[in-house]
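Heads up, the thing below is written out as structure tokens.
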Amino acid sequence: MNNKNRLLMCADYPYYRDSVDDWHDKLEKLKQLKINVVTCYIPWRHHLVNLESNKYDFKGNDKPNTNLIRFIEECESCGLNMIIKPGPFIHAEVNYGGLPDELNNIDYEKKESLNGELCKYERKKGCYYIPSSFSKKFINSAEKWYEAVINAVSSHFYPNGCIVGIQLMNEGIFSDANSLIKDWDYSKSAIDGFSNYLKNKYKTIKYLNSCLATDYKDFNNVTNEKKSLVSESIRKEWIDYQYKSLYETYKRFQKKCVGTVPVIANYNFPLNSPEGVSTWISKVRPEYGANIMYGFTSWGGNIVEDKEKFYTYLLVAKREKGIHMECNWGFSKLYEKEYESSIVPFYEAALSIANGAKGYNIYTGAATSKWDENLDNIYERPYPDCSPIDSQGKYNEKKSNTIYKFNSYLEKYGDEIINSVRNNDCAYLINPQDYYDGCLKAGKENIALDTLYWFQHNMRAYSYDYDLISTDNFEKRESIGYKVIFMAEGINLSKEVKEKLDDFQSNGGKIVYLNSSINYDINHYSNGFTKLIKDIDVSFDVYSDDYETQAWGIHNDDKLTKHIFIFSRSNEEKEHSVKIKNDGIVNELKVLLPQESAAIVRLVNNEVKGFFIKGENDLAQKMIKPKLSYGDYVYESNEYGDVLNLA
């Protein structure tokens with residue numbers, strides 16, 4: 001904005017669940033917490049007047065809180081920017097995921113599972129089925145909805161107004177970007193589309209059979225049996241078709257968002273299983289997004305205490321630089337009780353920024369209790385149960401204080417953080433097609449995923465940082481920019497990717513193939529890996545000799561200003577030591593933290609010039625007097641709890 005990158009400190013506020021009279025007060029309270037962007041879903045069903053005539057109410061003619069235009073103007077009067085989220089499916093615990101009830105009509109083709117069952121949406125009283133995203137009638141209706149929203153709000157697009165972004169869809173089409181292959185769409189339209197996809201790709205059935213070593217009689221024969229689509233012979237094509245169809249749907253809605261503001265996709269967290277993570281890698285392919293910004297949500301559970309989820313979180317945060325679009329600050333009843341604390345959502349938000357996120361979103365910033373039954377006839381009030389601002393407009397002290405101090409640090413130094421670089425000489429090359437076999441429980445070794453996790457664990461054992469890159473569009477990269485690329489041994493690469501890697505090696509780059517016979521163990525770190533790092537002569541500016549100290553460092557171009565992020569993985573109070581290399585000289589940064597907490601330290605010209613230390617873990621009910629030392633600088637707090645120091 002204003003020709004400058006901005007770090008986004010967002011909070012979601014579901015205006016449609018609240019009284020118009022409460023809007024301004026809660027927006028002002030969010031502003032006082034240093035929030036600079038408000039996000040909000042725009043529920044299709046909430047604004048619908050008549051589906052056939054495509055008539056909608058955005059001015060409060062039907063109900064006061066359908067006055068979307070007034071809500072936007074309230075944001076503008078408070079000096080807040082906005083990211084709008086018009087779905088069409090929004091989830092958000094609203095009836096039918098925000099879809100109009102008319103879409104449950106028999107005229108709209110429904111999504112089907114691999115077993116031929118119609119896919120239900122359970123979060124509404126009654127029997128409601130999810131439309132097929134391959135249904136032309138559904139897509140046409142949804143596109144008209146988008147047109148209505150954009151026509152209503154486009155005068156408020158930045159720079160003329162406060163809307164700075166549009167989120168397309170929600171975690172895929174029906175919050176299903178992370179769904180397992182058996183739960184994808186097997187409706188007639190989806191199957192027919194797949195048949196046409198194969199015809200366009202292979203032209204003749206003879207050529208398809210020669211390429212896939214199959215003996216199909218014709219293209220329709222390929223798709224006669226749904227379960228054959230996940231068989232080894234055709235599974236690759238089915239997965240390719242599904243993820244490409246997902247991005248084609250994104251692009252259709254993107255075309256409706258005429259204007260100058262960026263569009264965003266928010267991908268949900270992988271399901272908690274090896275096949276869940278493999279499916280996520282196979283299907284989430286932001287390189288095919290064509291100017292659609294990457295975003296992600298983190299409804300995967302408590303990463304503070306769960307080691308596996310911690311590493312999966314790193315995969316999601318590092319997959320592409322984007323916005324952490326939903327960080328759970330409000331739900332402890334619908335989701336894990338640990339989110340009643342401030343430490344768990346803070347830890348997630350800070351970790352996303354440490355790994356390159358362009359901002360984070362408090363979901364939700366303000367609780368509500370004044371919605372009607374058409375919008376939500378299931379969930380108890382207030383919604384959610386433990387937001388930083390409650391439904392009466394009062395601050396949740398622990399959460400609001402944490403947010404205020406964290407955001408004060410980000411507000412003061414956000415320009416430095418968003419424009420910083422990571423001195424990563426190493427990257428891990430993901431080839432999504434190598435994860436296809438892992439999408440099913442087929443009794444096979446999940447070598448690609450095991451190797452990726454083994455690499456992550458061994459790198460992070462010493463806080464060595466790295467980037468994740470993908471073979472998707474890899475051959476189009478102008479510069480690879482790394483000294484070393486790691487990848488699993490024996491992965492199947494295209495001719496174009498091989499040529500790019502050959503160029504990389506001919507220009508002095510190194511490729512390290514990790515052996516597929518690795519005995520993967522989350523609690524085991526390989527001494528051989530440490531020797532490997534030394535042998536390939538890669539140095540790291542920020543590192544630690546202790547796995548329980550997880551550190552990341554970012555810096556400006558001349559390396560004079562640095563931000564060091566420190567995360568405790570210890571279950572007890574501990575002084576964490578981080579080594580920081582400056583011009584070949586190693587200095588030690590020490591920070592005392594309570595168990596499983598975090599800190600950010602700013603260094604300028606190798607001197608401490610600001611920090612935020614989370615001195616309280618309210619989940620564990622532990623509090624310390626924070627301490628910090630670096631060179632001759634020593635800080636010891638006289639008080640227990642969080643400490644903010646802005647130079």
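For the range 164-178, in order, what is each residue's ³J(HN,Hα) by Karplus, 6.51 cos²θ - 1.76 cosθ + 1.60 with θ = phi - 60°, in whole Hz (x at glycine and Pro)?
Here the 3J(HN,Hα) series is 10, x, 10, 8, 8, 6, 8, 6, x, 8, 10, 6, 10, 4, 9 Hz.
If we sort 82-90, 131-139 on the protection proxy, mean other Cβ atoms within 10 Å, highest first, what's the order?
Top of the packing list down: 82-90, 131-139.
Show me the ranking of peptides 505-515, 346-356, 431-441 by mean Cβ neighbours inside 10 Å, starting with the highest.
346-356, 431-441, 505-515
Within the range 552-566, which residues have the backbone N less than 18 Å from the label spot 7 Å out from N605 along Cα→beta-carbon, could you tell me?
556-563
What does the charge count near R285 come to, summing +1 for each Lys or Arg and -1 for each Asp or Glu among other residues with Cβ under 11 Å from its Cβ?
Around R285, the surrounding residues sum to -1.
If we count every other residue with Cβ under 14 angstrom of H156's Cβ, Lys/Arg +1 and Asp/Glu -1, where does the sum land?
Surrounding charge for H156 is -1.
For the residue pair I378 and K498, what label-to-label distance in nm results when each label sits 7 Å from Cα along the Cα-to-beta-carbon direction?
5.0 nm
Give K358/K627; K307/K562; K85/K251; K120/K255; K531/K562; K441/K498 a once-over and call out the pairs whose C-alpha atoms are over 20 Å from each other.
The answer is K358/K627; K307/K562; K120/K255; K531/K562; K441/K498.
Tell me what the chain gives for mean residue ellipticity at 222 nm when only DSSP H runs of n ≥ 4 count, each as -39,500 (n - 2.57), the sum divided by the residue total, rounded to 500 deg cm²/dmol.
-9000 deg cm²/dmol
How high is the FRET efficiency between D535 and K203 when r is their beta carbon distance and R₀ equals 41 Å, given to the nearest 0.05?
For D535 and K203, the calculated efficiency is 0.25.
Show me, for the range 352-358, the HN-Hα J-couplings you get by feeding each phi into the Karplus relation (A = 6.51, B = -1.76, C = 1.60, θ = phi - 60°), rounded to Hz, glycine and proline as x.
5, 5, 4, 9, x, 4, 8
What does the highest-first list of 419-425, 401-407 look like by mean Cβ count within 10 Å?
401-407, 419-425
For K236 and N151 in the same chain, what is the full-extension length gain: residue separation times 0.36 nm, less their Cα-Cα distance, in nm?
Net length gain for the segment: 26.6 nm.
Measure off, as a whole percent, the carbon and sulfur share of the 1.4 Å-probe accessible area of the chain, all protein chains present.
43 percent
Give the ranking of E607, E28 by solvent-accessible surface, highest area first, calculated with a 1.4 Å probe.
The most accessible residue leads, giving E607, E28.
Could you check what % of the DSSP bridge pairs in the chain are antiparallel, to the nearest 5?
Of all bridge pairs located within the chain, approximately 55 percent are antiparallel.
With θ set to phi - 60° and the Karplus curve 6.51 cos²θ - 1.76 cosθ + 1.60, what are the ³J(HN,Hα) couplings of the range 237-244 in order, to the nearest whole Hz, using x for Gly and Pro?
5, 5, 5, 4, 5, 5, 6, 5
Rounding to the nearest 20 debye, state how big the charge dipole of the chain is about its Cα centre with +1 on each Lys and Arg Cβ and -1 on each Asp and Glu Cβ.
1220 debye
Which sequence of K4, K244 reflects their accessible areas, 1.4 Å probe, from the largest down?
Order by accessible area, largest first: K4, K244.
Determine the per residue accessible area of the chain with all protein chains present and a 1.4 angstrom probe, expressed in square angstrom.
39 Å²
Using 0.36 nm per residue of separation minus the Cα-Cα distance, give me the extension gain between Y633 and V258 in nm, one decimal.
Between Y633 and V258, full extension yields 129.7 nm more.
Which residues' amide hydrogens lie under 5 Å from the amide hydrogen of Y428, considering only partners 5 or more residues apart or on another chain, with H built in the peptide plane?
D467, L468, I469, F486
May I ask you to derive the FRET efficiency for Y513 and E308 from their Cβ-Cβ distance with R0 = 22 Å, giving the value to the nearest 0.05?
Step by step, r from the Cβ atoms, then E = 0.30.
With a 1.4 Å probe and all protein chains in place, put K199, K110 in order of accessible area, largest first.
The ordering from most to least exposed comes out as K199, K110.
When the chain is fully extended, how far beyond the present Cα-Cα distance does N272 get from S228, taking 0.36 nm per residue of separation?
13.3 nm
The values are calculated or read from the model by the stated rules, or taken from the named source; none is laboratory data. Everything numeric here is computed off the predicted structure, so don't read it as measured data. Glycine gets a Cβ as well: all are built from the backbone with ideal geometry, and neighbour counts include every protein chain shown. Side chains are part of the model used for accessible areas, which takes the heavy atoms of the whole protein and leaves out ligands, DNA and RNA. Shrake-Rupley method; radii C 1.70, N 1.55, O 1.52, S 1.80 Å.
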